[in-house]
Amino acid sequence: MSSPKSDDTKENDLKQVLIEVEKSLFKLQERYTQVKQDVSRRSQIKERQQELKQQQKDKSSPEPLKTELRHLQQELDSLELNLESILLPDIFWQVVRFVFLGIIIGWFLHIWAT
């Protein structure tokens, strides 16, 4: 039989693991929101680029348009770099973290049930 103290310890350990899972999930939700905003902004920039390119073909003074196009391209490059550098490695580590936490939760539940 297990003592009440060890049951309390197991319960506290399980609570701690659940708190960590909640924190990880919250961080993942924040990251997801940021990625959605970046993807939306990227779409807006691409649409604006297309508009400017069309205007550039139609007008004789393309210099202000070239400056804005250059600025939009820099912002687009920055967004794409941010999306690539944050999303890909983060997904890998999130998978590793949740698999590891799942194993720990399973282990605690197994110990607690026996």
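Values quoted throughout were computed directly from the atomic coordinates according to the rules given, and no laboratory measurement underlies them. All figures in this text were calculated on a predicted structure; none of them were measured in a lab. Note that we place each Cβ from the backbone using ideal geometry, even for glycine, and neighbour counts take in every protein chain shown.
Among Q55, Q34, L18, pick out the residue whose Cα is farthest towards the positive end of the charge dipole of region 4-113, where Lys and Arg carry +1 and Asp and Glu carry -1 on C-beta, about the Cα centre. Sorting the options by dipole projection puts first Q55. Rounded to the nearest 0.05, the FRET efficiency derived from the C-beta distance between L101 and D7 at R0 = 22 Å is 0.55. Scalar couplings 3J(HN,Hα) for region 42-56, obtained by applying the Karplus form with A = 6.51, B = -1.76, C = 1.60 to θ = phi - 60°, are 4, 5, 4, 5, 5, 4, 5, 4, 4, 4, 5, 5, 5, 5, 5 Hz; x denotes Gly and Pro. Net charge dipole, the chain: roughly 300 debye, given to the nearest 20, about the Cα centre with Cβ charges of +1 for Lys and Arg and -1 for Asp and Glu. Within the shell defined by Cβ-Cβ distances under 14 Å, the residues around E47 carry a net charge of +2, with Lys and Arg each +1 and Asp and Glu each -1. Alpha-carbon geometry of the chain: the Rg and the Dmax are 24.9, 88 Å, given in that order. Here's the picture: charge each Lys and Arg Cβ at +1 and each Asp and Glu Cβ at -1 in region 4-113, and of Q74, G106, Q94 the one pushed furthest to the positive end of that dipole is Q74. Between the helical axis of 63-113 and the longest alpha-carbon principal axis of the chain there is an angle of about 10 degrees.
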